[in-house]
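Colleague: I'd like to ask you about the structure that follows.
Here, each number is a calculation from the coordinates, and none is a lab measurement. Owing to the predicted nature of the structure, the values given are computational and were not obtained by experimental measurement. All Cβ positions, even for glycine, are placed from backbone atoms using ideal geometry, and neighbour counts span all protein chains on display.
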Amino acid sequence: MPSRCVAAGCSNTSSESVSVYKFPKQETLLKQWTKQVQRTRANWVPTASSTLCSEHFELSSLHFSINLCSYLYKKKTTILYF
């Protein structure tokens, strides 16, 4: 079963034009991502399988890794759209 984006009104999965990212384990970033999701989904709590798609990040927060051939997030990722 593919991972779906947890942002309100979004159900994107990974495709050629959209990437999905698991919630970070680093507590500061985990809290930041959770707080952003909770802006539109009160009382929402992330699980080990929770993901956000690339549609919800500033382009400058993503970079392309030629070695991995996939989009990766930088440690200081900023969520843009909710």
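Colleague: Spin-label point model (7 Å from Cα, Cβ direction): what's the Lys25 to Thr13 distance in nm?
Modeller: 2.6 nm
Colleague: For Phe57, which sequence-distant residues (separation of 5 or more, or a different chain) have an amide H within less than 5 Å of its own amide H, given hydrogens modelled in the peptide plane?
Modeller: The list, which skips near neighbours in sequence, is Leu80, Tyr81.
Colleague: Mind giving me the FRET efficiency for Lys35 and Ser3? R0 is 22 Å, r the Cβ-Cβ distance, nearest 0.05 is fine.
Modeller: Details: r = 21 Å, r/R0 = 0.93.
E between Lys35 and Ser3, to the nearest 0.05, is 0.60.
Colleague: Amide H neighbours of Thr51 under 5 Å, counting only residues 5+ apart in sequence or on other chains, H built in-plane at 1.01 Å?
Modeller: Val6
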